[in-house]
């Protein structure tokens, strides 16, 4: 008596480097949009809109999401204590109170802003602000949740289903 074993070899379609590059670029596009949505949430209660830009480098399979907004840079990176003097006027005018719309360690903006009586001064000493470091927080969130791997895995699975 003889028992013969033979592997069952499924037919797997050829999956080329171009196919992989296509799926990787699709994943980068979707991932960049998610990162941009997260960045948008940091300013959703701001009066002045902040424009975030997505730049692709397809040749190197990379993407950057950034802004050139000066005020966003101050909030994101923080500022040192500094003097504020009026420019083109004799005095500064501001409200007596202010509640920040963003907080260190949080991604999402909340309600806040100025309140109270008007104050007039020939200059003030601003204590500076602690940077919010939104980009670092968003990076950590994306790493901890494995977003890129999930996006890439789903797109690859769907792409391979087309081959069947």
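Every number in this text was worked out from the coordinates using simple rules, so none of it is lab data. Fair warning: this is a prediction, and the values are worked out from it, not measured in the lab. Positions of Cβ are backbone-derived with ideal geometry, glycine not excepted, and every protein chain shown enters the neighbour counts.
Couple of notes before you dig in:
- Across the chain, C-alpha contacts under 8 Å between residues 6 or more apart give a mean separation that, scaled by the residue count, equals a relative contact order of 25 percent.
- Distance (nanometres) between label positions extended 7 Å along Cα→Cβ at residue 51 and residue 16: 3.8 nm
- Stokes-Einstein diffusion for the chain, with the hydrodynamic radius set to the Kirkwood value over Cα pairs and evaluated at 37 °C in a medium of 0.692 mPa s, equals 163 µm²/s.
- Mean-position separation - Cα centroids, the stretch 135-164 and the stretch 22-97, in angstrom: 24 Å
- Estimated 222 nm signal from helices in the chain, with DSSP H stretches of n ≥ 4 weighted -39500 (n - 2.57), rounded to 500: -12000 deg cm²/dmol
- The chain: angle of helix 147-161 to the longest principal axis, Cα-based, in degrees nearest 10: 30 degrees
- Ellipsoid fit via the Cα gyration tensor, the stretch 77-164: semi-axes of 47, 13, 12 Å, each the root of five times an eigenvalue, largest first.
- Label-point separation, residue 29 to residue 110 (7 Å along Cα→Cβ), nm: 3.8 nm
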